[in-house]
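Structure, as structure tokens:
The values are calculated or read from the model by the stated rules, or taken from the named source; none is laboratory data. Because the structure is a prediction, the values reported are computed rather than measured. Reconstructed Cβ throughout: ideal geometry from the backbone, glycine too, with neighbour counts over all protein chains shown.
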Amino acid sequence: MYSVKEIFYSLQGEGAQAGRPAIFCRFTGCNLWNGREQDRMKSVCNFCDTDFIGTDGQNGGKFPKAEDLAEKLASFWPQLIIPNKVAGIPYVVFTGGEPALQLDEKLIEALKARGFEVAIETNGTKVLPRGIDWICVSPKANAELVITSGNELKLVYPQPLALPEKFTHLNFEHFYLQPMGECATNHTQAAIHYCLSHPSWKLSLQTHKITGID
């Protein structure tokens, strides 16, 4: 059984894949915060701005089997006029909450059978199933990472317990700093200054918020 908060089709707004059309599947649940406001300040990830509780979001629901969810996700990808031809390479991003709590090899296989590339945005504290094409890890505070390699490491900045220098030895292709609460200009300027002083890091902005894309 897969519990999904929401599914939607949009452009990736962050990191190395920014601007790429993608289907987003937000799973319910997280291992670093239970989602209840009264428990926020006691959680590891107390700055989370995402609603991942329940299945009442757009196109959310319970999906008993991998094939059920894969079929639902595939229905969001635009089709060309030519019958049986898919527009571009179908791309799905699993997020949360923490998607590694639910994403498994059966679902990945069902999506691969439909021609999908599969991506995940994870806090890196859970072992990942095989077959994921793009791994983005976003470390949170002092939570122990078990995923130490992948395609991109995207660090919300600043986090006193998760300074950038703690992660530069890890095996990732891209290293991004994403200002915490981008409307806070001081955080954005601090991230810019850090990237300029440490060129192995790049700035990631939430372009979907800047442009007003859902």
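A few notes on this one:
- Some residue of region 148-158 being outside any strand (DSSP E or B), within 25 Å of Gly19 (Cβ to Cβ) and not hydroxyl-bearing (Ser, Thr, Tyr): no
- Residues located in region 163-205, provided they are at pLDDT 95 or above, in a strand (DSSP E or B), of a type outside the set (D, E, K, R) and surrounded by 12 or more Cβ atoms within 10 Å (Cβ to Cβ): Phe172, His174, Phe175, Tyr176, Leu177, Leu203
- Flag if Glu98 is surrounded by 24 or more Cβ atoms within 10 Å (Cβ to Cβ) and at pLDDT 95 or above: yes
- Applying the criterion of at least 3 residues that are under 17 Å from Thr122 (Cα atoms) to the strands (runs of 3 or more DSSP E) found wholly in region 1-81 leaves 2-11, 21-27.
- Checking each residue in region 101-118 for being farther than 22 Å from Trp33 by Cβ and either under 17 Å from the mean Cα position of the chain (by Cα) or of a type outside the set (Lys, Arg) (or both) picks out Asp104, Glu105, Leu107, Ile108, Glu109, Ala110, Leu111, Ala113, Gly115, Phe116, Glu117, Val118.
Results for (1) aromatic (Phe, Trp, Tyr); (2) touching a residue at least 24 places away in the same chain (Cβ under 8 Å), shown as yes or no for each residue.
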{"position": "Pro139", "(1), (2)": "no, yes"}
{"position": "Ala162", "(1), (2)": "no, no"}
{"position": "Phe175", "(1), (2)": "yes, yes"}
{"position": "Tyr194", "(1), (2)": "yes, yes"}
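- Number of the condition not met by Ala143 [criteria: (1) surrounded by 20 or more Cβ atoms within 10 Å (Cβ to Cβ); (2) outside any strand (DSSP E or B)]: (1)
- Considering residues of region 1-58 that are among the aromatic types (Phe, Trp, Tyr) and more than 29 Å from Gly88 (Cβ to Cβ) only, the residue surrounded by the most Cβ atoms within 10 Å (Cβ to Cβ): Trp33
- When each of Ile89, Ile135, Ile120 is tested for being assigned to a strand (DSSP E or B) and either surrounded by fewer than 21 Cβ atoms within 10 Å (Cβ to Cβ) or on the phi > 0 side of the Ramachandran plot (or both), the lone residue that passes is Ile135.
- If you go through region 93-111 and pick out every residue that is under 17 Å from Cys48 (Cα atoms) and either free of Cβ contacts under 8 Å to residues at least 24 places away in the same chain or not in a helix (DSSP H, G or I) (or both), you end up with 5.
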